[in-house]
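Have a look at the structure below, then the notes.
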Amino acid sequence: MAVIKGPGVGNVLACGYGSNSIGRGGGARVNVDFGDAQISRGEHSILTYDPRGRKYYIQHGSGNHLTYLLDQPVLTPTELLDRAEITIGETTLMFIPLCGDNFDWQDLKDGSTNAST
């Protein structure tokens with residue numbers, strides 16, 4: 001993900017397999033502590049990568065402020081598509097996936113790829 005608006009603009013944030021907590025506290029797997037006090041210290045949002053389905057999902061975490069996807073509140077887990085904009089607090093993140101239908105890190109371990117030529 002890339003920070004495209006708010007404090008921290010220009011920063012790129014990596015996500016891993018499974019659940020990725022997004023917050024500004026030290027325990028967040030994706031730490032967005034760039035000075036936006038509207039972002040919860042804990043799990044403001046959760047970004048999940050499902051390696052079996054090769055899809056990403058966003059859901060609201062335990063923060064008091066909402067998570068928005070394309071300016072709509074995220075009230076249930078919602079699939080993320082390439083270049084989707086996620087807003088938490090005064091910060092907007094652009095989701096840019098590496099893994100998906102054409103690539104997953106597991107492909108390298110298996111010695112195969114699904115990349116099209």
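Throughout, read-outs are computed from the coordinates displayed, never taken from laboratory work. The structure presented is a predicted model; accordingly, all values stated were derived computationally and were not measured. A quick note on method: Cβ atoms are made from the backbone with ideal geometry, for glycine too, and the neighbour counts reach across all protein chains shown.
Exposure proxy for ILE88, ILE46: other Cβ atoms within 10 Å of each Cβ, ordered fewest to most, give ILE46, ILE88.
For the pair the stretch 72-86 / the stretch 1-65, the C-alpha centres are spaced 12 Å from each other.
Taking the charge dipole of the chain about its Cα centre, with +1 at Lys and Arg Cβ atoms and -1 at Asp and Glu Cβ atoms, the residue from LEU98, LEU70, SER45 reaching farthest to the positive side is SER45. With K and R counted +1 and D and E -1, the other residues having a Cβ less than 15 Å from that of ILE4 yield a net charge of -3.
Taking the number of Cβ atoms within 10 Å of each Cβ as an exposure proxy, the fewest-first ranking of GLU85, GLU43 is GLU85, GLU43. Entry note, the chain: the mean residue ellipticity at 222 nm calculated from DSSP H runs of n ≥ 4, each adding -39500 (n - 2.57), is -1000 deg cm²/dmol after division by the residues and rounding to the nearest 500.
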